[in-house]
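Okay, structure first, notes after.
Nothing in this text is a laboratory measurement; each read-out follows from the coordinates by a stated rule. Nothing here was measured: the structure is a model prediction, and the numbers come from that model. Here Cβ is always computed from backbone atoms with ideal geometry, including for glycine, and neighbour counts include all displayed protein chains.
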Amino acid sequence: MTSAIDRLLRNTPPTAFVLAAVALIALFGLLDHLTGLEFNLQLFAPVPVAAATWYRGWRAGVTLALVAGGVWIASAWGAGVFHPREIASYWDGVAQLVLSLAAAWLADTARRELREERSRGDHDPLTQLPNRRAFEGQLTLEGARLRRYHDPFTAAYLHLGGLQQVREEMGGEVADELLRQVARWLQGTTRESDHIALIRGHGFGALFPKTEWGGAQLLLKRLHEELTETLSHGEWPVEPRIGAITFGHGAGTATEMSEALEQLIDETRRNRGGGTLHRHWRGASPSNGTTGRRRDDDD
């Protein structure tokens, strides 16, 4: 029941949401006017104010708080208890405004803290990139988009072979700095619509929307060559290994895609010799399109 109400409020258009909240506050004022402020129903006005702030932002909350203060003055005037020349007559209206603004502030603070908490839970603290959980969530969304719109996409994994050796011989801070540099390089090299994440201690995930097999082949080749050159110039003793799956014939279930990604990660980690692994998804058993040599050992 609660989740159904939450979905309804989130899916309500912003204008309709605010107008409905204004109507509710006006209803409180009308009832107070008819009862002569006997029940003072406008004490409940902060509730729609807080709801508007939570679902539609701080500006909507402030707007409704001003409305709540004005409605109280109007209802008090209509009930004959408001005297414009007496400062005391404005007190309850100001109190209503302050109470509503406080409700808006509390709702906005809670909303921002919740967003920050969710962001921390979905991001890697070292590189500030999305983590494995966020990456798989985006993978599921791309799969749903493929099923609905038939837009192909490619999921890739970039493994830094030799990073463990760097960590052991040069120290953890040096290895962490290398990860941060590669993260910045990936963000600067890929499109804004692409999704980059750190999904393993030694490797990055990438999602390339609307990227079919041929385009993915060219993209993977370019990324591998440019990253190899970049690492070589920095004299980093690591070897980039890239593996990818192009989804273009039905995405499968979230579980199947997650299992395919895990298999790709393991194969990419073992692949040495400067090539890339590229597989074409054709159901639960993706076909192979492999370049480069494969060994069973790993770093």
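Data table
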| read-out | value |
| --- | --- |
| 5 angstrom amide H check on His278, placed H, neighbours 5+ away | Ala244, Gly289, Thr290, Thr291 |
| Average Cα contact separation per residue, the stretch 132-294, under 8 Å, 6 or more apart, as relative contact order % | 29 |
| Rounded FRET efficiency, nearest 0.05, which uses the C-beta distance separating Asp122 from Leu27 and R0 of 45 Å | 0.65 |
| 5 angstrom amide H check on His123, placed H, neighbours 5+ away | Asn131 |
| Ordering of 44-51, 5-12, 159-166 by packing [mean C-beta count within 10 Å, highest first] | 44-51, 159-166, 5-12 |
| For the stretch 146-161, Karplus couplings with θ = phi - 60° (6.51, -1.76, 1.60), whole Hz, Gly/Pro x | 5, 5, 8, 10, 6, 8, x, 8, 10, 9, 10, 10, 10, 9, 9, x |
| Inter-label distance for Arg180 and His150, nm, one decimal - labels placed 7 Å from Cα along Cα-to-Cβ | 4.7 |
| Which of Leu146, Val182, Thr276, positive extreme of dipole for the stretch 132-294 (C-beta unit charges) | Leu146 |
